[in-house]
1. Can you tally the net charge around Ala122? Count Lys and Arg as +1, Asp and Glu as -1, for every other residue whose Cβ sits under 9 Å from the Cβ of Ala122.
2. Nearest 20 debye, what's the magnitude of the dipole of the chain about its Cα centre given +1 on Lys and Arg Cβ and -1 on Asp and Glu Cβ?
3. Counting each DSSP H run of 4 or more residues in the chain as -39500 (n - 2.57), what helix-only mean residue ellipticity at 222 nm follows after dividing by all residues, to the nearest 500 deg cm²/dmol?
4. Of the peptides 102-115, 120-133, how do they stack up when ordered by the mean number of other Cβ atoms within 10 Å, highest first?
5. So for the chain, taking the charge dipole from beta-carbon charges (+1 Lys/Arg, -1 Asp/Glu), which of Leu75, Leu132, Val109 sits furthest toward the positive end?
6. Could I have the simple spin-label model distance between Gln193 and Ala65, label points 7 Å from Cα toward Cβ, reported in nm to one decimal?
7. Just how large is the dipole of the range 112-206 about the Cα centre, in debye to the nearest 20, putting +1 at every Lys and Arg Cβ and -1 at every Asp and Glu Cβ?
8. At a 1.4 Å probe, what is the % contribution of carbon and sulfur to the accessible area of the chain?
Amino acid sequence: MGAACHGGCSGATAVVDPRYRQILWLALLANAGMFGLELWAGAAAGSVSLLADSLDFLGDAANYALSLWVLGLSLSTRARASLVKAASMALFGVGVLLASGWRAWQGGVPEPLTMGWVGMLALLVNLGVALLLYAHRHGDSNRQSAWLCSRNDAIGNLAVLLAAAGVFGTGRSWPDLLVATIMASLALSAALQVLRQARHELKHAQ
């Protein structure tokens, strides 16, 4: 792996894989661009699942930037960065649950065609990033969190497409709200997984 430790892993710095750095930069730029597109499209279509996915893109862009910043630093520093990532994932999950509740109370039906084409574009972007990160999914919590972000994004995009089909077929908003809730659950689950791994690394880095 490109993040192997010198002299043991207790606070040691890591050898940085140049290809992994390039992948993180590509993932950062792709996620930042999709955040802007989905934020506009979600607001225009009145879709909570698209807005949730846009916020997920924003959080992932920030997480990839954090991953780039801590590359080559000590294991304890990378683990602390992962704690920040876990907190952002959890915050995203809670925020989406609150937004879903608000939309359910407000009512209204999202526009399914916009949901569909934007969801398809987002899926292609995230599948590309996920394929690039697949070979780097093992290792410290920092790499694990990057992989989980890309995996959850691809799953979320598939769910948005299903939500668009459900809204189109039923003429009701519940498929959109259901998908947003599932995406929030994935974020909370990933946050817990990264948190556990980061705490384990901090314990062994001392």
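The values are calculated or read from the model by the stated rules, or taken from the named source; none is laboratory data. Model, not experiment: these values are computed from the prediction. Neighbour counts run over all protein chains shown; Cβ positions are idealised from the backbone, glycine included. With ligands, DNA and RNA removed, areas are computed over all heavy atoms of the protein, side chains included. Shrake-Rupley method; radii C 1.70, N 1.55, O 1.52, S 1.80 Å.
1. -3
2. For this selection, approximately 600 debye.
3. Numbers: 6 runs with 168 residues, N = 206.
Computed ellipticity for the chain at 222 nm equals -29500 deg cm²/dmol.
4. 120-133, 102-115
5. Positive-most Cα among the choices belongs to Leu75.
6. The modelled label-to-label distance comes out at 2.5 nm.
7. 240
8. C and S atoms contribute 69 percent here.
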